[in-house]
Amino acid sequence: MTGSLQTKNDKFYIVLNTTENGKRKQKWIATGLPVKGNKRKAEQLLRDTLHEYELTSETAKSDILFADYIRLWLKTAQRRVEAVTYHGYEQAANSQVIPYFEERNIKLCDITLETLQAYFDEKAAHGRMKGAGGVSPTTLRQFKNVIHQTLNEAVKNRLIPSNPCQFVELPHKHRYESTFYSAEQLKALFHAIEGDELYPLIKITALYGLRRSEALGLKWDSIDFAANRLTIKHTVERITGTTIEKDRTKNKSSHRSFPLTPEARAIFEDAKKAEQENRQLCGKDYIENDYVFKWVNGRPFTPDYVTSHFALLLKKNGLPHIRYHELRHSCASLLLNNGCTLKDVQEYMGHSDIQMTANIYGHLDTTRKQALTDNISASLFGGC
């Protein structure tokens, strides 16, 4: 295909020379650009238009359903990403994306911005699977990620000329205001739950500001009693009903070490002793594994159980509600307000980017910081 610029009524027009049924035809396209001072813009627009038409002419025509192409994309994604990431893709695709487009019999070649915007507007208003209402902006972005990557694959394979998903508009995310426990509140928590099966796990989580996946992923090779050191190098996560165990951390920065405080050392020594006693008690029914935190029969605690039981403990003891993950935020806040720098906290928390640390913890005002520092237990958190 060839093309040229022509002028008409002091405006630039793109003229494309095409062939249809063996006959040459010209197609005039208005640029809307005045001739004066716009020659370079018009020339660039001509090049862009020719490129787009060339891609379109080379694009393979396909009658494949969009739902089926998402399934094909999932197979390629499974080879490219980690299991945790893939399970997230799979759950979003199979529960909320594929059924919508399959029910409407929409083909890949018929996907447009209007088609996609209608999908996201529908999910935002009525997408919740349990109960009335729409899904959250965060969940919508998970759906968009699946669709966007699928369409990128289709563009790469020249099944469609471009990806319309990039222009979809989604609702703004609602900023979640994290809640922190002060040192006194943490002490009250520890006192209230003493004797509960999660007591050691909760205490270690708060002491070192661990992610839930990191605390549950602690194995005996993570604890070096001789060197008095704890190293974070395993994780356990729950994705769409499946527990995923990994012998690595979330990112390179998350692989970090801490000194064992006397209290932490005592917790781990007690856990080791209990494991040996429970192995003898349960005999052949004992479930052998290297995890530190587990039930009497050796079965490790699951992420879902930890989250739900923690909420019940707070409610049962009349304590302010926080998410389990906010034990980690509480630790970071206490560190900051005890004189540690953002860089110190970044390394302690295992954040890959100090901007993340600043975004999460750097917005606390002076009054709130002062309240959080009241009666901080230096022996509990061990400073920086």
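I'd like the projected area of segment 147-235, averaged over all directions, using the convex hull of its alpha carbons. Report it in nm² with one decimal.
Taking a quarter of the hull surface, the average projection is 11.2 nm².
Considering only protein heavy atoms and a probe of 1.4 Å, how much of the accessible area of segment 309-350 is carbon and sulfur, as a whole percent?
Carbon plus sulfur share of accessible area: 55 percent.
Rank CYS165, CYS109 by accessible area, highest first, at a 1.4 Å probe radius?
Greatest to least solvent exposure: CYS109, CYS165.
For a quick check: with amide H placed at 1.01 Å from N, whose amide H comes under 5 Å from LYS11's, ignoring anything fewer than 5 positions away on the same chain?
VAL35
Over segment 274-333, average the accessible area per residue using a 1.4 Å probe and give it in Å², no decimals.
I get 53 Å² per residue for this part.
Which of the three applies to segment 60-101, rounded, prolate or oblate, going by the alpha-carbon gyration tensor with a ≥ b ≥ c and a/c under 1.5 meaning rounded?
oblate
Relative to the compact globular guide of 2.2 N^0.38 Å, what is the alpha carbon radius of gyration of segment 268-308, as a ratio?
Normalised by 2.2 N^0.38 Å, the Cα Rg of segment 268-308 equals 1.16.
Can you pull the percent of segment 65-184's accessible area that's carbon plus sulfur, 1.4 Å probe, other chains left in place?
49 percent
What whole-number value in Å² describes the accessible area per residue of segment 116-176 for a 1.4 Å probe?
So segment 116-176 comes to 59 Å² accessible per residue, rounded to a whole number.
Quick one: the Cα spread of segment 94-221 along its three principal axes, in angstroms, biggest first?
61, 38, 24
So who's got an amide H within less than 5 Å of the one on GLY3, skipping anything under 5 residues away but keeping other chains? H placed 1.01 Å off N, in plane.
ASN17
The values are calculated or read from the model by the stated rules, or taken from the named source; none is laboratory data. Just so we're clear, the structure is a prediction, and the values are computed from it rather than from any experiment. Protein only, heavy atoms only, side chains kept; ligands, DNA and RNA dropped before computing areas. Shrake-Rupley method; radii C 1.70, N 1.55, O 1.52, S 1.80 Å.
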